[in-house]
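Asks: What follows is a structure written as structure tokens; I'll ask about it next.
Each reported figure results from applying straightforward, stated rules to the coordinates on display, with no laboratory input. Everything quoted here is computed from the prediction, not taken from an experiment. Virtual Cβ from ideal backbone geometry, glycine too; neighbours counted across all protein chains shown.
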Amino acid sequence: MNETRALKIYNTLSGKKEIFEPIVADHVGMYVCGPTVYNDAHLGNCRTYVSFDIIHRYFLLLGYKVRYVRNITDVGHLTDDGEDRMSKGSKLTQLEPMEVAQRYTLGFHEMMRILNTLPPSIEPRATGHIPEQIEMVQQILDRGLAYVRNGSVYFNVPKFAAENPGKYGSVSGRVLDDLYSETRELKSQEDKDHPADFAIWMKARPQDLMVWNSPWSTGFPGWHLECSAMSTKYLGKTFDIHGGGNDLKFPHHENEVAQNFGACNCAPARVWMHTNMLLLNNKKMSKSDGNTISPAELFAGTSEHTSKAYAPMVVRFFMLMAHYRSTLDITDDALLAAEKGFKKLMETNKILQALPVNASDYDGAENDHDRAVLQLIEEAFRGMDDDFNTAIAIAALNEIGSFVHKIANQQLETNALAPWVLEKMKVTFNTFIVDIFGLNSDSTETGDEGTVDGLMSLILDIRSQARSQKDWPTSDKIRDTLTAVGILVKDGKDGATWVKQ
Ligand code: AMP
Ligand code: ZN
């Protein structure tokens, strides 16, 4: 990377931004906890994966070779009542647990594609790594940090904490004494010696559908174990970055660290990164609380929380407008602002790319405009270097955009900027929009985006005229024909909008 720049990342372990130093030069190993595939991902989940997509993309841009591992949880993640989420999904859909996993894994991939996220390098499944997890349980037992009770195996938290001062609580900041009283006891885990202990292998109960043989019982691994075992397998015992939403800090990530130490006396990740939550009505978006908007509802404009449909790229841009460590409240107003901001940025880029670069027009030395633009370009990259701060980068690009508009409106001469500065603006804009932010125009798949937009606006104008003359057959015919070709028209208080399904 550029000698004068350094990438800083906020590390949950230290509570500070640290200069990123990879374990192996020019390589990054990053593990991110993936979805539990028992139902459709909601927008909150999407925010976390879009945030890590930006991080992934920025590492690639800086020239790192990235191994990005994002797992699929398809066993062992229990609800508060102790039911395996996959069994719950299986009961609701009347499908085999593996059919449930397949259905929602495919749905998740499709959503990640629609949101234009790059696929991870490896996407391991918990059920595909049972031997690795059994081996890890054995290692923890061999090191005396777990015990067997009635066929289940429990991690001994007080012993681990006593032998490794400061380690338990290093991710979540929780104090062990508080945990004792806080930790809910599941009926299925009443064999535990201590409330803070947690199961790393669970003996199957009659209702459990996915079970495997092990030296201790026929059962299944505890949820936290899969990430410890799979990160070790694909990234090594100690790797660069481990990420997830900040709701996973406790117990999931805290227990992962304990397990890795327990198995090999070594820390899993050097840097722990946590994304903040997407909120709806000022509360964490969460499926179990019914406080959600699904991406599909948002794209189709059928959510009770929004006045219209929003295109996937607008939603992606909305997520980038905030830094990944800030909470983000989804409201109709915020989405409208994002839509405006997204369109403006894309439009500015179009104008910028069309500006002629004419070296012969230029009168010589670097001037104030050149210096201002170069400073803004620097600011955009510095924003990204400062813990991937997309909000700062977007603000800098918008300021560069005001130069573009001044030139386009002839408030500034084209030759007010040095040709190489103009060229640099063009490259920078494209780099940010395409490579770093991963934004594409939603209608590019149909060919000429401008043409499609123009035609759609004409069609909706004709429909609006028909409606004003109470010509319902024409209005309905237009809407139904568009629906048949995959374009959904939504009538709102400010007129009709459309979105490709
Ligand atoms: P799950 O499928 O519940 O295991 O969650 C998948 C990922 O989504 C985890 O990294 C969670 O931390 C993250 N997540 C869940 N809810 C939200 C939310 N409201 N905002 C941002 N990320 C979330
Ligand atoms: Zn995990």
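Asks: Quick one: how many lysine pairs does the stretch 1-114 have with C-alpha atoms less than 26 Å apart and a gap of 8 or more or different chains? Give me the count, please. Numbers along the way, then the final one.
Replies: On the way: Lys8/Lys16; Lys8/Lys17; Lys8/Lys65; Lys16/Lys65; Lys17/Lys65.
Lysine pairs meeting the criterion: 5.
Asks: Antiparallel DSSP bridges in the chain: what percent, to the nearest 5?
Replies: Values: 25 of 46 bridges.
Looking only at bridges with both residues in the chain, the antiparallel portion is about 55 percent.
Asks: Can you compute the radius of gyration and Dmax for the chain, using only the Cα atoms, both in Å?
Replies: Expressed in Å, the Cα Rg and Dmax of the chain come to 26.1, 84.
Asks: Once you charge only the Cβ atoms, +1 for Lys and Arg and -1 for Asp and Glu, what is the size of the charge dipole of the stretch 55-101 about its Cα centre, to the nearest 20 debye? Don't skip to the end; give the middle numbers.
Replies: Values: 7 positive and 7 negative charges, 114 e Å.
Here the size comes out at about 540 debye.
Asks: I would also like to ask the following. If I take R0 = 25 Å and measure r between the Cβ atoms of Asp26 and Ala372 in this structure, what FRET efficiency does the formula 1/(1 + (r/R0)^6) give, to the nearest 0.05?
Replies: Values: r = 34 Å, r/R0 = 1.35.
Rounded to the nearest 0.05, the efficiency is 0.15.
Asks: Would you mind putting 131-139, 281-289 in packing order, based on average other-beta-carbon counts within 10 Å, highest first? Write out the running numbers ahead of the final one.
Replies: Numbers: 131-139: 19.6, 281-289: 13.2.
Sorting 131-139, 281-289 by mean packing, highest first, produces 131-139, 281-289.
Asks: Here's something else I'd like to know. With +1 assigned to the C-beta of every Lys and Arg and -1 to the C-beta of every Asp and Glu, and no other charges, what is the dipole magnitude of the stretch 4-124 about the Cα centre in debye, to the nearest 20? Numbers along the way, then the final one.
Replies: Numbers: 14 positive and 14 negative charges, 134 e Å.
With only Lys, Arg, Asp and Glu charged at Cβ, the dipole is about 640 debye.
Asks: Right, another one. Pairs of alpha-carbon atoms within less than 8 angstrom and 6+ residues apart define the contacts here; what relative contact order does the chain have, in percent? Can you show the working numbers first?
Replies: Working: 788 pairs, mean separation 77.5, N = 501.
The normalised contact order for the chain reaches 15 percent.
Asks: Given the Cα atoms of the stretch 1-85, and with Rh set as the inverse mean 1/r over their pairs in the Kirkwood sense, what is Rg to Rh to two decimals? Walk me through the intermediate numbers first.
Replies: On the way: Rg = 16.3 Å, Rh = 15.3 Å.
My calculation of the ratio gives 1.07.
Asks: Would you work out the charge dipole size for the stretch 185-338 about its Cα centre, treating the Cβ of every Lys and Arg as +1 and the Cβ of every Asp and Glu as -1, and quote it to the nearest 20 debye? Before the final figure, lay out each step's value.
Replies: Details: 14 positive and 17 negative charges, 76 e Å.
Its charge dipole is roughly 360 debye.
Asks: Taking the Cα atoms only, what angle lies between the long axis of helix 368-385 and the longest principal axis of the chain, rounded to 10 degrees?
Replies: It works out to around 20 degrees.
Asks: Let me ask something else about it. Which Rg and Dmax, in Å, describe the Cα atoms of the stretch 70-126?
Replies: Reported Rg and Dmax, both Å: 12.6, 36.
Asks: Could I ask something else about it? Give the relative contact order (percent, whole number) for the stretch 99-243; include only Cα pairs under 8 Å separated by 6+ residues.
Replies: Values: 138 pairs, mean separation 34.0, N = 145.
This gives 23 percent for the stretch 99-243.
Asks: Evaluate the Debye formula for the stretch 310-381 with equal point scatterers sitting on the alpha carbons, no solvent, and hand back log10 of I(q)/I(0) at q = 0.19, 0.22, 0.26 Å⁻¹, in q order, two decimals.
Replies: So the normalised log intensities are -0.92, -1.06, -1.21.
Asks: Right, another one. Could you order peptides 466-475, 119-128 by the average number of other Cβ atoms within 10 Å of their residues, highest first?
Replies: Values: 466-475: 12.5, 119-128: 18.4.
The most tightly packed comes first, giving 119-128, 466-475.
Asks: Give the long-range amide H neighbours of Asn367: residues separated by 5 or more places, or on another chain, with amide H under 5 Å away, using H modelled in the peptide plane at 1.01 Å from N.
Replies: Ala418
Asks: Continuing with this model, one more query. To make sure I understand the rule: partners must be lysines, Cα under 26 Å from the Cα of Lys340, and not fewer than 8 residues away in the same chain. Which ones qualify?
Replies: Lys283, Lys284, Lys308, Lys350, Lys406, Lys424, Lys426, Lys490, Lys493, Lys500
Asks: Which order do peptides 315-325, 98-108 fall in by mean Cβ count within 10 Å, highest first? Don't skip to the end; give the middle numbers.
Replies: Values: 315-325: 22.2, 98-108: 17.9.
So the order, starting with the most tightly packed, is 315-325, 98-108.
Asks: Over all directions, what mean area does the Cα convex hull of the stretch 30-162 project, stated in square nanometres? All intermediate terms of the calculation are to be shown ahead of the outcome.
Replies: Numbers: hull surface 43.1 nm².
If you wrap the Cα atoms of the stretch 30-162 in a convex hull and average its projections, you get 10.8 nm².
Asks: Let me ask another. Counting only C-alpha contacts under 8 Å and six or more residues apart, can you give the relative contact order of the stretch 201-356 as a whole percent? All intermediate terms of the calculation are to be shown ahead of the outcome.
Replies: Numbers: 180 pairs, mean separation 24.2, N = 156.
About 16 percent, as a whole number.
Asks: Also, quick follow-up: How many nm is it between the label spots at Thr327 and His405, if each spot is 7 Å from the Cα in line with the beta carbon?
Replies: Simple spin-label model gives 3.2 nm for this pair.
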